[in-house]
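Undergrad: Pasting a structure below so you can have a look.
The values are calculated or read from the model by the stated rules, or taken from the named source; none is laboratory data. Bear in mind that the values here come from a model prediction, so they are computed numbers and not experimental data. Heads up, the Cβs are rebuilt from the backbone with ideal geometry, glycines too, and the neighbour counts pull from every protein chain shown.
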Amino acid sequence: MKDHDIPVAPDHAERFEGNFTQQEPIPETAIAAAVAVMQSGRLHRYNTGPGELSETALLEQEFAAQTGAKYCLAVASGGYAMATALRAMGVGPGDKVLTNAFTLAPVPGAIAAIGAQPVFVGVTEALTIDLDDLAAKADQADVLLLSHMRGHLCDMDRLMEICAASNIAVIEDCAHTMGAAWRGVPSGRVGAIGCYSCQTYKHVNSGEGGLIVTDDADLAARMILLSGSYMLYERHLAAPEPEVFERVKYDTPNISGRMDNLRAAILRPQLQDLDRQVARWNERYRVLEAGLRDVPGLTIVERPGEESIVGSSFQFLLLDWSGDKVQEVVSRCGARGVELKWFGAETPVAFTSKYDHWRYAPSEPMPASDRVLAAVVDIRVPLTFTLEDCAQIARIIRAETGIVYQSGENKAETGG
Ligand SMILES: *Cc1c(COP(=O)(O)O)cnc(C)c1O
């Protein structure tokens, strides 16, 4: 679309004034804990006085308990967590790793970080991994890095059947599913390893940060050594017994990516509050969902009953609309203060990109996935939004989508 086509909202139309990237402040208890760490001067996780337990070790112990995992490791980022999980599984240069075509750049990036190659698996209209495509590609790799992109959980039972049948180990990318569950099992606890991000746009906020959980003692020991534990692993509270480290410590490189006590101090009170925050996100999600039902041409992504969601973002589909028409909806909503992100753009924009933008990781074309990606419109739902804000956002999208839809010619000319 040309600049002169960008529509201007009429004066009488309501305009949303909120900020889509404004998170809530860090809770006072977390600020106090952070100040205490700074006053102590002991920010490094292994810089402890006699008998003292570090904030980082306590965070790991608490997150292990919260997810029901035997072992937990806190690291520098979600991306680092995924690369470490892959390395611990023995993935190396030239190896192939199955992963989602619909995800964010740090996921293929974690695979590339260790010299391995992503094999992209398609996405369905439910915005989950295409399990038929996964079954078809199952002979191509021994590991699946499964991204629960934008919080959508696939049929985890069927996924695990497919992976078990082909001896594929599963690493879950839970950057958008911390606090979510499939049939009551916390996201990250179905595969061999679960990885979470504590970056500002996720469900707990330490600026940067990552958490890893597993029940596998050997993987846990390798990941702890990889993260840069030197020979201080006995100071961990959610780690395997020292004998396990004895088996792997001479063969595991130290690739520093530890978390520090300042971030851990900020995260501990936030994790204690996660359930309450999840409930608040879901109230907002359901207001958006209700407000966008029965809009001609707009498809809601229905959430299965097996899934306990965390509605920290909302997606809808404009299936088989031409790119220009979707762009027109995005522009018109933008003019009324509603920031939509679109996964169909030809070039990557800000945080949004897709598999055929990642030229370092070439893929076969996936027409069915391209159709879905060209339709995905994405909305952030920060907790600074009120329920009325969400109702207003839905009203604006509804109105603008209706105008563009009724203007006709919204169908893609290619028919694809
Ligand atoms: C944010 C994100 C990650 C991890 O990101 P970091 O910024 O490295 O913490 C992983 N997967 C997805 C889908 C993400 O959005």
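Undergrad: Could you look through region 49-76, keep only residues that are closer than 18 Å to S206 by Cβ and touching a Ser or Thr at 6+ places or on another chain (Cβ under 7 Å), and pick out the one that is farthest from the ligand (Cβ to nearest atom)?
TA: So the residue we want is S54.
Undergrad: How do the pairs read when you match residues in region 217-229 that are closer than 14 Å to A69 by Cβ with residues anywhere that are in a helix (DSSP H, G or I), using Cβ under 7 Å and keeping only pairs 6 or more apart or on different chains?
TA: Pairs that qualify, where the first residue is closer than 14 Å to A69 by Cβ and the partner is in a helix (DSSP H, G or I), are A217/V244; L219/A88; M223/T84; M223/A85; M223/A88; I224/Y233.
Undergrad: Which condition number in (1) in contact with a Leu (Cβ under 7 Å, 6 or more places away or on another chain); (2) modelled with pLDDT of 95 or more is the one that E388 fails?
TA: Condition (1) is where E388 drops out.
Undergrad: Can you say whether Q22 is loosely packed, with under 15 Cβ neighbours inside 10 Å and part of a loop (DSSP other than H, G, I, E, B), as far as the supplied structure shows?
TA: Working: loosely packed, with under 15 Cβ neighbours inside 10 Å: yes; part of a loop (DSSP other than H, G, I, E, B): yes.
Yes, satisfied.
Undergrad: All but one of (1) crowded, with 19+ Cβ neighbours inside 10 Å; (2) in contact with a Pro (Cβ under 6 Å, 6 or more places away or on another chain) hold for Q315, so report the exception by its number.
TA: Q315 satisfies all of (1) crowded, with 19+ Cβ neighbours inside 10 Å; (2) in contact with a Pro (Cβ under 6 Å, 6 or more places away or on another chain) except (2).
Undergrad: Now for a separate question. Tell me whether region 113-127 contains one or more residues that are more than 16 Å from the ligand (Cβ to nearest atom) and in contact with a Cys (Cβ under 7 Å, 6 or more places away or on another chain).
TA: no
Undergrad: Kindly evaluate G188 against the criterion of being in contact (Cβ under 8 Å) with a residue 24 or more places away in the chain, under 17 Å from the mean Cα position of the chain (by Cα), within 16 Å of the ligand (Cβ to nearest atom) and assigned to a loop (DSSP other than H, G, I, E, B).
TA: The answer is yes for G188.
Undergrad: Of all residues in region 371-396 being of a type in the set (A, V, I, L, M, F, W, C) and assigned to a strand (DSSP E or B), which is farthest from G291 (Cα to Cα)?
TA: So, considering only residues that are of a type in the set (A, V, I, L, M, F, W, C) and assigned to a strand (DSSP E or B), the one farthest from G291 (Cα to Cα) is V376.
Undergrad: Name the pairs whose Cβ atoms lie under 6 Å apart, with the first residue in region 134-153 and surrounded by fewer than 20 Cβ atoms within 10 Å (Cβ to Cβ), the second among the charged types (D, E, K, R) and at pLDDT 95 or above, and 6 or more positions between them or separate chains?
TA: Within 6 Å, the pairs are Q140/K96.
Undergrad: Let me ask you something else. Of all residues in region 357-383, which are away from the ligand (no atom under 16 Å from the Cβ), under 19 Å from the mean Cα position of the chain (by Cα) and surrounded by fewer than 18 Cβ atoms within 10 Å (Cβ to Cβ)?
TA: Of everything in region 357-383, just one residue is away from the ligand (no atom under 16 Å from the Cβ), under 19 Å from the mean Cα position of the chain (by Cα) and surrounded by fewer than 18 Cβ atoms within 10 Å (Cβ to Cβ), namely L383.
Undergrad: Right, something else. Listed residues C198, C163; which is within 16 Å of the ligand (Cβ to nearest atom) and at pLDDT 95 or above? Break it down stepwise before answering.
TA: Values: C163 fails: within 16 Å of the ligand (Cβ to nearest atom).
None of the others qualify; the one that does is C198.
Residues are listed down the side, and each one gets a yes or a no for (1) in a loop (DSSP other than H, G, I, E, B); (2) more than 30 Å from R276 (Cα to Cα); (3) within 16 Å of the ligand (Cβ to nearest atom):
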| position | (1), (2), (3) |
| --- | --- |
| D132 | no, yes, no |
| A136 | no, yes, no |
| D139 | no, yes, no |
| L144 | no, yes, yes |
| L153 | yes, no, yes |
| N167 | yes, yes, no |
| V170 | no, no, yes |
| H176 | yes, no, yes |
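Undergrad: Also: Select from region 202-237 the residues that are assigned to a loop (DSSP other than H, G, I, E, B) and away from the ligand (no atom under 16 Å from the Cβ) and list them in ascending order.
TA: D215, D216, G228, S229, Y230, M231, L232, H236, L237, listed by residue number.
Undergrad: Considering only residues of region 212-255 that are hydroxyl-bearing (S, T, Y) and either modelled with pLDDT of 95 or more or under 25 Å from R189 (Cβ atoms) (or both), which is nearest to the chain's Cα centre (by Cα)?
TA: Out of the qualifying residues, it is T214.
Undergrad: Now for a separate question. If a residue counts only when it is crowded, with 24+ Cβ neighbours inside 10 Å and of a type in the set (V, I, T), which strands (runs of 3 or more DSSP E) contained entirely in region 55-127 have at least 2 such residues?
TA: Strands (runs of 3 or more DSSP E) meeting the threshold: 96-100.
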